Amino acid sequence: MAEMPVPHPGPNQVLIRISAAGVNRHDCNQRSAGVHHDGNPVPGLEVSGVVAALGEGVTEFATGDAVMALVQGGGYAEFALADAALVMVVPDALDPVAAAGVPEALFTAWWNFFAMMRLQREEFALIHGGTSGVGHIALQAMSSLGYRVLATAGSARKVKAAEGFGAFAAFNYNHSDLVGKVLRATGGAGIGALLDMSAGAHMAADLEMMAPDGRIAHLSGGGGAALNVPLKTLMAKRLSITGSLLRPLALERKTAVAAMIRRDVLPILGTKVRPSVAAQFNLEDAAAAHREMEKGSHIGKILLRVADR
Ligand SMILES: NC(=O)c1ccc[n+]([C@@H]2O[C@H](COP(=O)([O-])OP(=O)(O)OC[C@H]3O[C@@H](n4cnc5c(N)ncnc54)[C@H](OP(=O)(O)O)[C@@H]3O)[C@@H](O)[C@H]2O)c1
C-alpha cells in the first residue's frame, strides 16, 4: 500500500470514493508486467462507490450518488477518477458493493457482441469461458434480453453454473465432439458470433461450428500466441476473426457502448442480472485476490473491498 494525493476531477470527470473494485485478469497481467506496463501504475478497471466530487460540466450526478464506473486504471484505491460518460448510477435492486463487478463485463460483452460483431436476434452466440467474470454477466444479461447464447467451461461444476446463468446450452470444452454438440443444440444453424477468451485454444472446432458469415472476437492475446487458421473453412463460410482491447478504446466509442448498456441492461440490473461474487478480499489483501484469480476455480467475480476508514 502507498499514500498518494487524492486526485482532482477535471472537466467531465467524477471523483469516486470507492467501496469496492472488481478484480480482472488484466490486473494480474499488469502486476506480472510490472513497471513495463503502459497504463496507470495503480491497477483496477472497475469500481463502485459514491460520488465525492464533480468536475466542470458534469450535471447528471450529485455528490453522494451510489455509482459504478469503468475506469482507466486506478481502481485499487480509496478514490478514483472516472469519465462521467462511463459512470452509471447503481440501480436500487443491485448491491452497491457487488456493483463493482459489473462494468468491465458489461462493457466487454456489449462492445464485442453488439458494436464489433453486430449480433442479430435470430443468430446464436457462444462464449468460451461462460463462468468468467465477463461470461457470467454476459450470459445473464443477453439471455434475459432474449438472445440465445451457448457457453463452454472446463468442468462439470462450471458447465452447471453456466446453465444457471442462462446459457441456451453449455458444454465442457475438454470433452469430445464439441462441434457436433454445438451444431445439434443450434438445430444445425451454427454460431453467428463467438466471444473467445481462450486465446484460440479451440480454433479449428470454432471454425467448424460457425454459421456462414459468422464472426469471432478474441479477448485474450495468450501472451503473444499466434492463430493457426484453417483457411478453406474460413473462406467457404466467409468468416471474420477479430479482437480488441477495451482499455485503450477511444472514449467516444466507450461512450456509445455505455449508452447501449444504459438502454438495454440498467433496467434489469440487480433483478435479472446480478454479479455472482466468488470471493471478497480487503484492498490490503490484493495479492491474495490475485492468487485466487490465478487458481482459476472461481465462478463469477472476485472483489476487493475498501474498508471504511
Ligand atoms: N481484450 C479485452 O478488452 C478484454 C476485456 C475483458 C477481459 N478480457 C480477457 O477475457 C478473459 C476473461 O477475463 P476475466 O477477468 O473474466 O477472467 P476470469 O474470470 O479468470 O476468466 C477466465 C476464463 O477463461 C476461460 N478459459 C481459459 N482457458 C479456456 C479454454 N481453453 N477454453 C475455454 N475457456 C477457457 C476460463 O474457463 P474455465 O475456468 O472454465 O476453464 C475462464 O472462464 C481474460 O483473458 C481477460 O484478460 C479481455
*asked:* Going by what's in this entry, would Ala256 be described as within 16 Å of the ligand (Cβ to nearest atom), among the aliphatic types (A, V, I, L, M) and more than 16 Å from the chain's Cα centre (by Cα)?
replied: yes
*Select from segment 142-190 the residues that are outside any loop (DSSP other than H, G, I, E, B), away from the ligand (no atom under 12 Å from the Cβ) and over 20 Å from the mean Cα position of the chain (by Cα) and list them in ascending order.*
Val179, Gly180, Lys181, Val182, Leu183, Arg184, Ala185
*asked:* Where the second residue is of a type in the set (Ser, Thr, Tyr) and the first is under 18 Å from Ile191 (Cα atoms) and lies in segment 216-238, which pairs have Cβ atoms under 6 Å and are six or more apart or on separate chains?
replied: Ala217/Thr242
*Select from segment 112-138 the residues that are within 11 Å of the ligand (Cβ to nearest atom), buried (at least 24 other Cβ atoms within 10 Å of the Cβ) and farther than 19 Å from His26 by Cα and list them in ascending order.*
Leu126
*Based on what the data block shows, is Gly223 within 16 Å of the ligand (Cβ to nearest atom) and either out of contact with any Ser or Thr (no Cβ under 9 Å at 6 or more places or on another chain) or under 19 Å from Gly130 (Cα atoms) (or both)?*
yes
_Please go through segment 103-128 and give me each residue that is in a loop (DSSP other than H, G, I, E, B) and either within 9 Å of the chain's Cα centre (by Cα) or of a type in the set (D, E, K, R) (or both), ordered by number._
Arg118, Arg121, Glu122, Glu123
*Evaluate the following for Val277: is it within 15 Å of the ligand (Cβ to nearest atom) and either β-branched (Val, Ile, Thr) or surrounded by 12 or more Cβ atoms within 10 Å (Cβ to Cβ) (or both)?*
yes
_On the basis of being within 11 Å of the ligand (Cβ to nearest atom), surrounded by fewer than 19 Cβ atoms within 10 Å (Cβ to Cβ) and either not in a loop (DSSP other than H, G, I, E, B) or not assigned by TED's automatic domain parsing to the domain that holds Val97 (or both), does Glu292 make the cut?_
yes
_Selection from segment 246-274 of residues that are in a loop (DSSP other than H, G, I, E, B) and either among the basic types (Lys, Arg) or at pLDDT 95 or above (or both)_ = Leu246, Arg247, Leu249, Ala250, Val265, Gly270, Thr271, Lys272, Arg274
*Of the criteria (1) surrounded by fewer than 15 Cβ atoms within 10 Å (Cβ to Cβ); (2) more than 19 Å from the chain's Cα centre (by Cα), which one Lys237 fails*: (1)
*Look at Thr131 and say whether it is assigned to a loop (DSSP other than H, G, I, E, B) and within 21 Å of Gly44 (Cα to Cα).*
yes
*Looking only at segment 2-36, count how many residues are within 16 Å of the ligand (Cβ to nearest atom) and in a helix (DSSP H, G or I).*
9
*Give the number of residues within segment 52-111 that are farther than 26 Å from Met1 by Cβ, in contact (Cβ under 8 Å) with a residue 24 or more places away in the chain, of a type in the set (Gly, Ala, Ser) and surrounded by fewer than 24 Cβ atoms within 10 Å (Cβ to Cβ).*
5
_Conditions (1) outside any helix (DSSP H, G or I); (2) over 12 Å from Lys254 (Cα atoms); (3) among the small types (Gly, Ala, Ser); number of the one not met by Ala100_ = (1)
_Conditions first: (1) in the same structural domain as Val89 (by TED's automatic domain parsing); (2) within 16 Å of the ligand (Cβ to nearest atom); (3) free of Cβ contacts under 8 Å to residues at least 60 places away in the same chain; (4) under 30 Å from Ala2 (Cβ atoms). Ser297 passes all but one, so which condition is the exception?_
(4)
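The values are calculated or read from the model by the stated rules, or taken from the named source; none is laboratory data. Owing to the predicted nature of the structure, the values given are computational and were not obtained by experimental measurement. Glycine also receives a Cβ, built like all others from the backbone with ideal geometry; neighbour counts cover every protein chain displayed.
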